[in-house]
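Worksheet: one structure, shown below.
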Amino acid sequence: MGAIIINSLREKIRSKTIYIVGGIGVAIILFLALNGSFSFDDKILTDCHELVPIVLVMVNLFASILAIMLSLSTIPKEFERKTTHLVLVRGIKQWQFILALTISNIIISLFSIGLLSISVIIYALVQGEIQVLLKILGSILILGLNISVLSAITSWLSIKLPETITGFIGILIYFVGVFHSMLSIFVKTREGFSRFLLEGLMTLVPNFAAVQKQSGQLVTGNYVDIYPLVLQGLFLYIILALTFVTFRKEV
């Protein structure tokens, strides 16, 4: 499995997509952070500790888009190339092959958020806030949970679904997860079967908002609730476990 992961990573690293999208993302984030103005509750935010969480939200957005882009075609392409013939004859089971490709997707997605994090580090250095760098690194690790889950979900969906549908569902899951808390309030206003259906849907979608909030809490020096992080880790474990029982017919 290790060789499969390494070979998949090598191919992705050679791809220009991650560097082009990542470079554009870094440029946009820096432009907005250094030249833009942000306000919250009619208050203009100027302090670095207040602005960094906002910049991290933008990093999370671009990293999530990259995670979906990098994960939706890996597994289908390997099956189209008939790579499975070479792998399965060596005694590696299909679920091991799929799991290895999923892990490679997660690793490269984490690499992408690391690449985008350059923008936050540059912003903090420009503002002269060197002491906040450790908090930024911790926040990036927390956001890495969201990116890992989104990459794993996209990879799992790609086993059975066409790339276009996989990408659409991945983006939909991201936005529902980011606005999870707001949507949960809306669901509570519903009644009857529609509420039951929506509550079930919200249970199936990971709460990216809660994890993202903890990332901001760390930077601002507030209390970080470990529960959403553990819950997200459990969600990741479940998605990875699903690769054990999800197969493609064409081998």
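The values are calculated or read from the model by the stated rules, or taken from the named source; none is laboratory data. Quick caveat, the model's predicted, so the values are computed rather than measured. Note: ideal-geometry Cβ built from the backbone for every residue, glycine included; neighbour counts use all protein chains shown. Keep in mind that these areas ignore ligands, DNA and RNA; they rest on the heavy atoms of the full protein, side chains included. Shrake-Rupley method; radii C 1.70, N 1.55, O 1.52, S 1.80 Å.
Under a 10 Å cutoff between Cα atoms, tell me which one of Pro162, Pro53, Pro76 has the largest fluctuation in the Gaussian network model of the chain.
Largest GNM mean-square fluctuation: Pro162.
Of the candidates Ser71, Ser155, Ser15, which one comes out as most mobile in a Gaussian network treatment of the chain with C-alpha springs shorter than 10 Å?
Maximum among the listed residues: Ser15.
If you keep only loop residues by DSSP, which trypsin sites (Lys or Arg not before Pro) in region 188-231 have at most 12 other Cβ atoms within 10 Å of their Cβ?
The qualifying sites: there are none.
Can you give the accessible area per residue of region 2-245, in Å², using a 1.4 Å probe?
Here the residues of region 2-245 average 52 Å² of exposed surface.
Beta carbons within 10 angstrom, averaged per residue: use that to sort the peptides 170-181, 116-127, 135-146, highest first.
Highest-to-lowest ranking by the protection proxy: 135-146, 116-127, 170-181.
Rank Ala100, Ala209, Leu56 by how far each Cα sits towards the positive end of the charge dipole of region 2-245 (+1 on Lys, Arg Cβ; -1 on Asp, Glu Cβ) and give me just the farthest.
Ranked along the dipole, the leading option is Ala100.
Heavy atoms of the protein only, probe of 1.4 Å, neighbouring chains included. What is the accessible area of Thr220 in Å², nearest 10?
60 Å²
Report, in debye and to the nearest 20, how large the dipole of the chain comes out about its Cα centre when Lys and Arg carry +1 and Asp and Glu carry -1 on their Cβ.
Computed about the Cα centre, the dipole is about 1020 debye.
For the chain, taking Cα atoms only, what is the radius of gyration to one decimal and the Dmax to the nearest whole Å?
Final numbers for Rg and Dmax: 19.4, 64 Å.
Calculate what fraction, in whole %, of the accessible area of the chain sits on carbon and sulfur atoms when a 1.4 Å probe is rolled over the protein chains.
That share works out to 70 percent.
Using a Gaussian network model on the chain with a 10 Å cutoff between Cα atoms, which of Asn207, Asn60, Asn222 fluctuates the most?
Asn222
Note down the nm distance, to one decimal, between modelled labels 7 Å out along Cα→Cβ at Glu80 and at Phe168.
Here the modelled spin labels are 1.8 nm apart.
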